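What follows is a single structure, written as structure tokens, with notes after it.
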Amino acid sequence: MKIRKHMIFYGDVQGVGFRYRATTFANELGLTGWVRNEDDGTVTLEAQGEEGVIDMLVQKLNRAPFIDITGIDTKKLPIVDGERSFRTLDNYF
């Protein structure tokens, strides 16, 4: 069953290739959604797909070099229809 998760990642997650790796891994796994740096040093990510596959994305990020995730706030959201890929959103700060 397809779900959508909104996640906020805490720790050493900016300036370490987090968004690039998240986008690469998510597209390899067939997930849709987006990832964005926040001005408070966190990274926000929304992923849509099978729950187990989203969990695989988080596991891959946890194992990636230089990334040090110390916490994740997660909530489920409604599915977004028509989304075709996973992308990095621009920073506006």
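The values are calculated or read from the model by the stated rules, or taken from the named source; none is laboratory data. From a predicted model like this one, the values you see are computed outputs, not experimental measurements. Note that each Cβ is placed from the backbone with ideal geometry, even for glycine, and that neighbours are counted across all protein chains shown. Heavy atoms of the whole protein, side chains included, go into the accessibility calculation; ligands, DNA and RNA do not. Shrake-Rupley method; radii C 1.70, N 1.55, O 1.52, S 1.80 Å.
Scanning region 7-25 for residues that are touching a helix residue (DSSP H, G or I) at 6+ places or on another chain (Cβ under 8 Å) and part of a strand (DSSP E or B) yields M7, F9. If only one of R4, R36 is under 9 Å from the mean Cα position of the chain (by Cα), assigned to a strand (DSSP E or B) and either surrounded by 15 or more Cβ atoms within 10 Å (Cβ to Cβ) or among the polar types (S, T, N, Q) (or both), which one is it? Testing whether each residue is under 9 Å from the mean Cα position of the chain (by Cα), assigned to a strand (DSSP E or B) and either surrounded by 15 or more Cβ atoms within 10 Å (Cβ to Cβ) or among the polar types (S, T, N, Q) (or both) leaves just R36.
Under the condition of being free of Cβ contacts under 8 Å to residues at least 60 places away in the same chain, out of contact with any Leu (no Cβ under 7 Å at 6 or more places or on another chain) and under 16 Å from T23 (Cβ atoms), the residues counted in region 67-93 number 6.
Quick check on L77: is it touching a Phe, Trp or Tyr at 6+ places or on another chain (Cβ under 7 Å), open to solvent by less than 60 Å² (accessible area, probe 1.4 Å) and of a type outside the set (D, E, K, R)? If you could, list the steps in order and put the result at the bottom.
Numbers: touching a Phe, Trp or Tyr at 6+ places or on another chain (Cβ under 7 Å): no; open to solvent by less than 60 Å² (accessible area, probe 1.4 Å): yes; of a type outside the set (D, E, K, R): yes.
Here the answer is no, as L77 does not meet what is asked.
Note on region 10-21: among residues that are hydrophobic (A, V, I, L, M, F, W, C) and over 24 Å from R84 (Cβ atoms), the one that is surrounded by the fewest Cβ atoms within 10 Å (Cβ to Cβ) is V16. Set side by side, the residues E50, E28 differ, and just one is farther than 14 Å from S85 by Cα and either touching a helix residue (DSSP H, G or I) at 6+ places or on another chain (Cβ under 8 Å) or not polar (S, T, N, Q) (or both), which is E50.
Could we say that T24 is under 12 Å from the mean Cα position of the chain (by Cα), within 17 Å of T88 (Cβ to Cβ) and either modelled with pLDDT under 95 or open to solvent by 40 Å² or more (accessible area, probe 1.4 Å) (or both) here?
yes
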